[in-house]
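These notes are about the structure you will find just below.
The values are calculated or read from the model by the stated rules, or taken from the named source; none is laboratory data. Just so it is clear, the model here is predicted, and its values are computed rather than measured. Because the Cβ atoms are built from the backbone with ideal geometry, glycine has one as well, and the counts that use them run over all protein chains shown.
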Amino acid sequence: MLSGKRIILGVSGGIAAYKAAFLLRALQKVGAEVRVTMTPAATRFVGTETFSSLSKNEVAVDVFPENNSATQSWTQHISWGEWADLFVIAPCTANTLAKIANGTADNMLTSTVLAARCPLLICPTMDGEMYESPAVQKNLNTVQEFGYHILEPEEGYLASGLEGKGRLPETDIILEKCRAVLKGYRSEEPLAGKKVVVTAGPTREHIDPVRFISNPSSGKMGFAMAEAAQQLGAEVTLIHGPVSLSKPTGINTVEIESAQQLFEHVKNHADANAVIMAAAVSDFTPQKIHQQKVKKDKADSSIQLKQTPDILAWLGDHKKDGQVLIGFAMETENLLENAQSKLKKKRADWIVANSLNEDEYGFASDKNKVHLLGKKDTVQIEGLKSEVAQQVLSHIFKNS
């Protein structure tokens, strides 16, 4: 349940902040990707370098960070809020709880709470008398009315030297609560229990063992689509050509090289609830493949080609009842006209169309600007490829 999930770990300023480092490692061990946001007070107990080193990400503390780098800006709470599958605040002090209950957004943690589109799990941790106080109990009731989840603290020896209810639960208990929260949330996800196949990256059509016909596709958009489908609850199979990207956690991956290999694997998964054809498939392949390297002095000046299988058209012709078929179109001219034609000819439900004429976008870029064409509407979406993928699938599956 936690494998492949994107989790924000919020750490507020209590003595239990040191335990959050152990929680971070435990989440990573079960396959989650974790980012950390801390309140300024939390940094008095544990330095940001600890969490940065463990998470391999910069730690977000201030709404207006001093460096204001590409990865940290004053809008970071928005992008993180869209990115996460779960937000866990452990420990959550009385002060941070009060801010959450009243909608205060004076640091990155509390700002991200307001921007989050995922379940929020709060682990209140404080002295026993503080926890039992009317104000804290009122705030606990308020946040639960918001739909936030609470993991009650344990009883035991506290930092004050007293005994009472206020200790942060052990890591395994927090993990179990995370699983329970996501299990309940999963039933509300539009792709929960669905099988989704995504193709990504280029294909290579070999002329001989060292030469081939291909294209510069990086696979980034297809990988982003696979991860977005996973976040919506799907069981994802990612079929991809040669790429240098890391395999996404929790997603079944199949490596292919040629268009024919891609076709065979797609046919094996053609019963999926949705197929997303984001791969840049070669349209032509050599009629003859030489088994040995062709020497320059013996080579012909031309190569005879034949068409590769039209996989999207085959899927359209063999489409199952209720199946959603999503194709991609990359054009250099007449973008919308060509994409609309492809939508009809291939019998697809949706076409994601983008142009190579945009300077900031393209095969290797982390950003994209697309037109999502359906049978009834067309919308334009722009941003990081991860954000575009999330918005594309949300529009298709949440608004259908």
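Just the residues that are crowded, with 22+ Cβ neighbours inside 10 Å and among the β-branched types (Val, Ile, Thr), please, taken from region 2-49. Ile7, Ile8, Val11, Val34, Val36, Thr37, Thr39, listed by residue number. So which strands (runs of 3 or more DSSP E) stay within region 117-219 end to end and still have 2 or more residues that are in contact with a Cys (Cβ under 8 Å, 6 or more places away or on another chain)? Hits in region 117-219: 120-124.
Could you check, for region 118-138, whether at least one of its residues is out of contact with any helix residue (DSSP H, G or I) (no Cβ under 9 Å at 6 or more places or on another chain) and at positive phi? Within region 118-138, not a single residue is out of contact with any helix residue (DSSP H, G or I) (no Cβ under 9 Å at 6 or more places or on another chain) and at positive phi. One residue alone among Gly222, Gly233 is buried (at least 19 other Cβ atoms within 10 Å of the Cβ), on the phi > 0 side of the Ramachandran plot and not assigned by TED's automatic domain parsing to the domain that holds Leu151, and that residue is Gly233.
Here Phe328 fulfils each of the conditions (1) at pLDDT 90 or above; (2) closer than 23 Å to Leu245 by Cα; (3) surrounded by fewer than 16 Cβ atoms within 10 Å (Cβ to Cβ) apart from (3).
Can you find a residue in region 245-256 that is under 20 Å from the mean Cα position of the chain (by Cα), over 22 Å from Asp310 (Cβ atoms), surrounded by fewer than 16 Cβ atoms within 10 Å (Cβ to Cβ) and small (Gly, Ala, Ser)? Checked region 245-256: at least one residue is under 20 Å from the mean Cα position of the chain (by Cα), over 22 Å from Asp310 (Cβ atoms), surrounded by fewer than 16 Cβ atoms within 10 Å (Cβ to Cβ) and small (Gly, Ala, Ser).
In the set (1) surrounded by 17 or more Cβ atoms within 10 Å (Cβ to Cβ); (2) out of contact with any Asp or Glu (no Cβ under 7 Å at 6 or more places or on another chain); (3) in contact (Cβ under 8 Å) with a residue 60 or more places away in the chain, Met108 fails one condition alone, (2).
The set of residues in region 22-41 that are in contact with a helix residue (DSSP H, G or I) (Cβ under 6 Å, 6 or more places away or on another chain) and farther than 21 Å from Cys118 by Cβ contains only Phe22. Within the bounds of region 332-351, is there any residue that is under 18 Å from Asp283 (Cα atoms) and in contact (Cβ under 8 Å) with a residue 60 or more places away in the chain? No, because not a single residue in region 332-351 is under 18 Å from Asp283 (Cα atoms) and in contact (Cβ under 8 Å) with a residue 60 or more places away in the chain.
For first residues located in region 80-95 and without any contact (Cβ under 8 Å) to a residue 40 or more places away in the chain and assigned by TED's automatic domain parsing to the domain that holds Val61, partners that are surrounded by fewer than 20 Cβ atoms within 10 Å (Cβ to Cβ) and in a helix (DSSP H, G or I) and lie 6+ apart or on another chain with Cβ distances below 6 Å form the pairs Gly81/Ala115. Contact map, region 218-243: residues that are farther than 16 Å from Ala389 by Cα paired with residues that are surrounded by fewer than 24 Cβ atoms within 10 Å (Cβ to Cβ) and among the charged types (D, E, K, R), Cβ distance under 6 Å, separation 6+ or inter-chain. Pairs shown: Glu235/Lys195.
Given region 247-287, what strands (runs of 3 or more DSSP E) lie entirely inside it while holding 2 or more residues that are farther than 20 Å from Asp317 by Cα? Even if it seems obvious, please write down each step before you answer.
Working: elements: 252-255, 274-277, 284-286.
Qualifying strands (runs of 3 or more DSSP E): 252-255, 284-286.
Candidates are the residues of region 300-325 that are loosely packed, with under 15 Cβ neighbours inside 10 Å and among the charged types (D, E, K, R); the one that is farthest from the chain's Cα centre (by Cα) is Asp300. Report, by residue number, each residue of region 364-400 that is part of a strand (DSSP E or B), over 19 Å from the mean Cα position of the chain (by Cα) and not aliphatic (A, V, I, L, M). Matches in region 364-400: His371, Gly374, Thr378, Gln380. When Leu158, Leu182 are screened for being crowded, with 22+ Cβ neighbours inside 10 Å, modelled with pLDDT under 90 and not assigned by TED's automatic domain parsing to the domain that holds Thr253, only Leu158 passes.
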